[in-house]
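Colleague: Supplied in C-alpha cells, the structure appears directly below.
Any read-out appearing in this document is the output of simple, stated calculations on the displayed coordinates, not a laboratory observation. What you are looking at is a predicted structure, and each value in this text was computed from that prediction instead of being measured. Cβ atoms come from the backbone with ideal geometry, glycine included; neighbour counts cover every protein chain shown.
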Amino acid sequence: MTGIRISGRVFRPGVASSIAAAAFIALTVSFGSWQTRRAEEKLELGRRLDEAAKGPVVSVPSVRLDASAFDRRRVSARGRLVARATLLLDNKVLRGVAGYHVLTPLRLEGGELHLFVDRGWIASGDRSRLPSVPTPESLQTIEGIAVAPSRRYIELAPEAASGPLRQNLVLEREEKRLALQLQPFVIEQTSEAPDGLAREWDRPDTGVERHRSYALQWYSFAVLAAILYVVLSFKRARSARG
C-alpha cells in the first residue's frame, strides 16, 4: 500500500509518533478549551460587576453581613469615623506617584459594628513622616462601592502591630489589633468630602484577556504539533530495484 507522495517523499507515520502526537494535540486542545471557558466565565463575572455597580444604592445596616452579597455593589453607610484607628495602606500609586490609601473605620449608627472606609489616596511625600489627614467628627453618610479586601498578598514577615502603616489590609487581624467589630468588606468612597484625598477607583481586572491569551497559546501548540507531525512523517521514498 502506497502513501501520499510529494516531491519524492512518502507519508509514512510511525505508530509511536502518531500516538504521541494525538495525545499531545488532545491535551493542548483541552487546555485551550478550558482557558476559553474560563474567559467566558470571567466575562460574565465582569457583566455582573458592572450591573451591580450601576444598581440602586443599598444601605449598610449595623448587623454583620455576608461580604459576597454586597461585593461591588453601590452602598451607603451612616455613622461616625473613628480617627484614632485610621490606617495608611502603603505602595499605592496614582498617575505614577507613590502614596497611601487612607482607611478609617466608620462606627455604624445604631450599634457597635464598624466598617472600614477607603477614603481615597494621598501622596507619600517625605516618607520619614506620615501624612496627616483631617477626619470629621460629626455624623457622616458615606457612599461608595463595597469590596472585599484581596487575600492575595505576600508578607515576608508579620507586620508590626504599632503605628498606622500597613502593607496589606487583613480585616480579621485588624479586629484584634483595634478591638473593633468589623463588617467583612470595605467601602471605596465615591461621595465627596473636604479632605483633599483623590478618589479614582479602578474597575477590577477579571482576567478575561489573560485567559484568552493562554487559550491562544495552547491552540497554537496544538497546531504546531500537528504541522510537525505531518512534516516529520514524510520520509524519503525508497528507489525501486529491478
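Colleague: Students often forget the sequence filter, so: which lysines lie under 29 Å Cα-Cα from LYS54 once same-chain residues fewer than 8 apart are removed?
Modeller: Counting by Cα, and skipping residues close in sequence, LYS54 has these lysines nearby: LYS42, LYS92.
Colleague: Run the reach check for LYS176 against aspartates and glutamates, Cα to Cα strictly under 20 Å, same-chain hits fewer than 8 apart removed. What comes back?
Modeller: Counting by Cα, and skipping residues close in sequence, LYS176 has these aspartates and glutamates nearby: ASP66, GLU112, ASP118, GLU155, GLU159.
Colleague: ARG5 versus LEU139, label points 7 Å from Cα toward the beta carbon: distance in nm?
Modeller: Rounded to a tenth, the inter-label distance reads 9.6 nm.
Colleague: Here's a follow-up. Using DSSP to define loop residues, name the GluC sites (Glu not before Pro) in the stretch 99-147 whose beta-carbon has at most 16 other beta-carbon atoms within 10 Å.
Modeller: Details: sites: GLU109, GLU112, GLU137, GLU143; in loops: GLU109, GLU112, GLU137.
Loop-located and lightly packed - GLU109, GLU112, GLU137.
Colleague: What distance in nm separates the two pseudo spin-label positions at ALA22 and SER132, each 7 Å out from Cα along the beta-carbon direction?
Modeller: That separation, rounded to one decimal, is 7.7 nm.
Colleague: Tell me whether the stretch 42-201 comes out rounded, prolate or oblate; compute the Cα gyration tensor, take square roots of the eigenvalues as a ≥ b ≥ c, and use a/c under 1.5 as the rounded threshold. Walk me through the intermediate numbers first.
Modeller: Numbers: a/c = 1.36, a/b = 1.22, b/c = 1.12.
Because its axes are fairly even, with a/c under 1.5, the stretch 42-201 counts as rounded.
Colleague: Further question: Most mobile of ALA16, ALA98, ALA215 per a Gaussian network model of the chain (Cα springs, under 10 Å)?
Modeller: Looking only at ALA16, ALA98, ALA215, the biggest GNM fluctuation is shown by ALA16.
Colleague: Now, a different point. Determine, for ARG72, ARG80, the number of other Cβ atoms within 10 Å of each Cβ, and report the residues in order from fewest to most. Kindly include the intermediate steps, with their values, before the conclusion.
Modeller: On the way: ARG72 21, ARG80 17.
The most exposed by this proxy come first: ARG80, ARG72.
Colleague: I've got another one for you. With the chain treated as a Gaussian network of Cα nodes joined by springs under 10 Å, which of LEU88, LEU182, LEU165 yields the largest mean-square fluctuation?
Modeller: Comparing LEU88, LEU182, LEU165 in a Gaussian network model of the chain, the most mobile one is LEU165.
Colleague: Per DSSP H run of n ≥ 4, the term is -39500 (n - 2.57); total these for the chain, divide by its residue number, and report the mean residue ellipticity at 222 nm rounded to 500 deg cm²/dmol. Could the numbers behind the result be given before it?
Modeller: Values: 4 runs with 78 residues, N = 242.
One gets -11000 deg cm²/dmol as the mean residue ellipticity at 222 nm.
Colleague: Modelling each spin label as a point 7 Å along the Cα-to-Cβ direction, I'd like the ARG47/VAL93 distance in nm, to one decimal.
Modeller: About 3.4 nm, to one decimal.
Colleague: Quick one: dipole size for the chain, taken about the Cα centre, charges +1 on Lys/Arg Cβ and -1 on Asp/Glu Cβ, in debye to the nearest 20.
Modeller: Values: 36 positive and 26 negative charges, 397 e Å.
Using Cβ point charges on Lys, Arg, Asp and Glu, the chain gives about 1900 debye.
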